[in-house]
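Student: Please see the structure below; I have some questions.
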């Protein structure tokens with residue numbers, strides 16, 4: 001007589017159910033993941049600008065010559081120049097913008113600079129970062145968290 005063999009494994013229907021569930025979970029998680037990626041782009045761009053400023057200040061003190069950091073018009077690039085020669089540069093992604101009230105920042109041979117603040121932001125996220133230079137030449141970077149104002153309304157009873 002022939003014995004009935006029990007087979008092990010998944011049926012096609014069980015496999016299709018698992019694939020559908022994975023697709024549903026991925027579609028739920030994707031918008032949050034996109035925001036996380038955009039926020040990381042803004043943070044890394046601000047960190048690169050901070051590093052450019054630190055290096056420019058260090059170059060100014062080491063070489064005893066002023067270093068100018070500026071952003072050419074209609075560009076996403078920030079450059080550090082010493083004696084008319086570009087020494088370093090930072091390129092930003094096209095969707096990340098860095099804005100400042102000043103057109104350039106000059107680090108003097110003693111490490112000092114004029115007060116300046118550069119805001120790094122993106123239209124895709126609410127949070128932004130500021131890179132600030134003090135007159136002493138101290139450079140700082142901080143996250144600016146967007147706040148949403150809620151109005152106090154009374155609920156009828």
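The values are calculated or read from the model by the stated rules, or taken from the named source; none is laboratory data. Computed from a predicted model, the values in this text were never measured in an experiment. Backbone-built Cβ (ideal geometry, glycine too); neighbour counts: all protein chains shown.
Student: Can we say residue 96 is at pLDDT below 95 and in contact with a helix residue (DSSP H, G or I) (Cβ under 6 Å, 6 or more places away or on another chain)? Reasoning before the result, please.
Tutor: Values: at pLDDT below 95: yes; in contact with a helix residue (DSSP H, G or I) (Cβ under 6 Å, 6 or more places away or on another chain): yes.
Judged against the criteria, residue 96 is a match.
Student: Further question on the same structure: Given (1) under 30 Å from residue 108 (Cβ atoms); (2) surrounded by 11 or more Cβ atoms within 10 Å (Cβ to Cβ), identify the lone condition not met by residue 85.
Tutor: It fails just one condition, (2).
Student: So, one more: Can you tell which of 26, 46, 65 is surrounded by 10 or more Cβ atoms within 10 Å (Cβ to Cβ) and closer than 21 Å to residue 100 by Cβ? Steps first, please.
Tutor: Details: 26 fails: closer than 21 Å to residue 100 by Cβ; 65 fails: closer than 21 Å to residue 100 by Cβ.
Selected residue: 46, the only one of 26, 46, 65 that is surrounded by 10 or more Cβ atoms within 10 Å (Cβ to Cβ) and closer than 21 Å to residue 100 by Cβ.
Student: Which of the residues belonging to the stretch 107-126 are surrounded by fewer than 15 Cβ atoms within 10 Å (Cβ to Cβ) and at pLDDT below 90?
Tutor: Within the stretch 107-126, 123, 124, 126 meet the criteria.
Student: If you go through the stretch 100-116 one residue at a time, do you hit one that is touching a strand residue (DSSP E or B) at 6+ places or on another chain (Cβ under 7 Å), in contact (Cβ under 8 Å) with a residue 12 or more places away in the chain, farther than 15 Å from residue 56 by Cβ and outside any loop (DSSP other than H, G, I, E, B)?
Tutor: Checked the stretch 100-116: no residue is touching a strand residue (DSSP E or B) at 6+ places or on another chain (Cβ under 7 Å), in contact (Cβ under 8 Å) with a residue 12 or more places away in the chain, farther than 15 Å from residue 56 by Cβ and outside any loop (DSSP other than H, G, I, E, B).
Student: Sort out which residues of the stretch 37-78 are part of a loop (DSSP other than H, G, I, E, B) and within 19 Å of the chain's Cα centre (by Cα), and write them in order of number. Explain how you work it out, then say what you get.
Tutor: Looking only at the stretch 37-78, we keep the residues that are part of a loop (DSSP other than H, G, I, E, B), and these are 64-66, 71-76.
Of everything in the stretch 37-78, those that are part of a loop (DSSP other than H, G, I, E, B) and within 19 Å of the chain's Cα centre (by Cα) turn out to be 71, 75, 76.
Student: With respect to residue 70, is the statement that it is within 21 Å of residue 137 (Cβ to Cβ) and touching a residue at least 60 places away in the same chain (Cβ under 8 Å) true?
Tutor: Working: within 21 Å of residue 137 (Cβ to Cβ): yes; touching a residue at least 60 places away in the same chain (Cβ under 8 Å): no.
Criteria not met by residue 70.
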